[in-house]
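Read-outs throughout are calculated quantities, based only on the coordinates presented, and are distinct from any laboratory measurement. Computed from a predicted model, the values in this text were never measured in an experiment. Positions of Cβ are backbone-derived with ideal geometry, glycine not excepted, and every protein chain shown enters the neighbour counts.
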Amino acid sequence: MTKDARRKQILDIITTTKAVTSSELSAYFHVTEETIRKDLTYLSGEGLIIRTFGGATAKETNESSLEQRNVYNYPQKSAIAAEASNLIQKSDLIVMDAGSTTSALAKCIPENSEVIVITNSLDISVILSQKAGVTLISTGGKLNTKSMSYRGDMVKNAITLYNIQKAFISCSAIDIERGIMDTNEEEAAIKQCMIAAAGEVYLLADSSKFNKIAHITTSGFEKITAIYTDCGIDPQTADIFRAKGICLKIVE
């Protein structure tokens with residue numbers, strides 16, 4: 001197992017169990033406690049966990065900051081974004097929600113593409129404001145400084161003004177029975193509005209999001225044109241989704 005894969009699993013364990021000791025992780029991964037301490041120090045330094053004497057605990061908040069999400073699984077998110085960018089054609093009118101993978105997608109949009117992008121993400125707005133030949137429509141609204149996203153009725157009202165061709169959305173968790181989930185009611189409501197307004201809907205979600213549960217069910221899979229994920233997805237999980245008729249694109 002690679003160092004990055006081990007750290008990802010450690011983060012998943014801490015998120016699930018809320019607290020763990022270095023000795024427990026050492027026994028689980030069959031590595032030294034010194035190796036585990038280095039892993040925990042790294043994860044703590046990235047703001048993903050809280051270091052304690054002899055171990056670590058999960059962050060108390062349910063909603064990760066954009067900075068935390070941008071760090072976690074960055075190579076996978078970048079690969080998903082690069083592949084999904086091929087869906088964007090010249091002069092498309094698209095909407096993008098506030099997420100680390102959609103921010104990565106914004107970086108892939110070429111200059112002079114004449115694409116019109118509606119977004120409630122301040123991060124995406126900053127990225128696209130530096131690209132010539134891309135029209136940016138920021139929804140405005142009440143800014144959440146943790147997610148760097150606009151929320152509230154102003155966002156939903158802005159989205160409903162347009163006949164959107166493609167929506168690119170993210171999520172906190174995916175489950176075949178419960179659907180697409182998020183941790184925040186306001187974010188979920190905005191994504192529901194985006195899904196309803198768009199002709200095609202693409203969900204960008206790295207493999208760590210599958211078979212997880214979050215507080216709010218945002219949507220089922222009926223209006224999802226395709227899900228883009230990475231090759232870390234469990235093959236059995238991929239088979240289950242495809243057996244349900246869900247279009248799943250796995251990016252290498």
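With viscosity set to 1.002 mPa s at 20 °C, what whole-number translational diffusion coefficient in µm²/s follows for the chain from Stokes-Einstein and a Kirkwood radius over Cα pairs? It comes out at roughly 113 µm²/s. Neighbour counts of other Cβ atoms within 10 Å put ARG6, ARG51, ARG151, ARG242 in the fewest-to-most order ARG242, ARG51, ARG6, ARG151. Largest GNM mean-square fluctuation among LYS38, LYS59, LYS223, using the chain with Cα springs under 10 Å: LYS38. For the stretch 3-58, the equivalent ellipsoid built from the Cα gyration tensor has semi-axes of 14, 12, 11 Å, listed from largest to smallest.
Within straight cross-link reach of LYS107, meaning Cα distance under 20 Å, which aspartates and glutamates are found once same-chain residues fewer than 8 apart are removed? In chain and number order, the partners are GLU67, GLU83, ASP92, ASP97, ASP123, ASP206, ASP230, GLU252. Residues HIS215, HIS30 in ascending order of nearby Cβ atoms (within 10 Å, fewest first): HIS30, HIS215. From its DSSP helices (H runs of at least four residues, each -39,500 (n - 2.57)), the chain gives a residue-normalised ellipticity at 222 nm of -11500 deg cm²/dmol. Under 5 Å between amide hydrogens, built in the peptide plane, is the criterion, and for VAL251 it picks out THR229, ASP230, CYS231 among residues at least 5 positions away or on other chains. Volume per residue of the convex hull around the Cα atoms, evaluated for the stretch 159-239, comes out as 77 Å³. Beta-bridge orientation, the chain: approximately 40 percent antiparallel, per DSSP, counting only bridges with both partners inside. Sorting the segments 91-100, 128-137 by their mean number of nearby beta carbons within 10 angstrom, highest to lowest, gives 91-100, 128-137.
Over the stretch 100-185, the fraction of Cα-Cα pairs per 10 Å bin, rounded to whole percents and listed from the shortest bin up, is 15, 46, 32, 6, 0. With neighbours defined as other Cβ atoms within 10 Å of a residue's Cβ, the residues CYS231, CYS108 order from fewest to most as CYS231, CYS108.
Take the chain and mark each of the chymotrypsin sites (Phe, Trp or Tyr not before Pro) that is in a DSSP loop with at most 15 other Cβ atoms within 10 Å; the longest unmarked stretch, sites excluded, is 54-161. The GluC sites (Glu not before Pro) of the stretch 135-212 that meet both conditions, a loop assignment by DSSP and at most 15 other Cβ atoms within 10 Å of the site Cβ, are GLU177.
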